[in-house]
1. Note the full-extension length gain between residue 143 and residue 22 as 0.36 nm times their separation in residues minus their Cα-Cα distance, in nm to one decimal.
2. If you stretched the chain out fully between residue 150 and residue 61, how much longer would it get, using 0.36 nm times the residue separation minus the C-alpha to C-alpha distance?
3. Order 133-142, 117-126, 79-88 from most to least packed using the mean count of other Cβ atoms within 10 Å.
Amino acid sequence: MRVLPEIVGRDEFAALIIRTDYSDEAAWQAVVAALVQPWGENGKLEAHVIDDPVWAEVTPDDVLAAVRRDEDLSVVFVADRVTMQSAHCALLACDVWDEEEDLDPMYYQELIAASLPREFRTAPAAVHDVHANLSIANVDFEEFAEEASADPEGVLRPFWATAVSP
């Protein structure tokens, strides 16, 4: 496992996105453009984007090992090769919660048996919804993963894009 730098300066309200693929600069710029759209009350919520080649080709497990030092983080978004090749620039959302540290062994075994999802793909426009709702424990990671798996392409879309008006 690589030794990766500690992530510093992230506001706890900012979604964390780490770029691990450098194969398509135009695709990356499309991801960044979607991430910097105003979001939240008065459009003030931002993304904390790590665009440093030291993270190139890092696995999601390596990313998780590096970011678990941040106690205020519940999800990290990875811009990997699939992101760059996806028509929707779908980022990999990874559950940061380390159940081994927080659960009693009996309950942990039940969770393993249930094989809860630990990751899903999300459109950049849904990143802030996911991050904000997980941060305040309004929605569980599994609920977002189920929503993504229900999509024909396996991608979580922003809620406002899927809402149907009466």
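Only the coordinates and a few stated rules stand behind these numbers; no lab work does. What you are looking at is a predicted structure, and each value in this text was computed from that prediction instead of being measured. Cβ atoms come from the backbone with ideal geometry, glycine included; neighbour counts cover every protein chain shown.
1. Using 0.36 nm per residue and subtracting the Cα-Cα distance, I get 40.5 nm.
2. The span from residue 150 to residue 61 would gain 29.6 nm if fully extended.
3. 117-126, 79-88, 133-142
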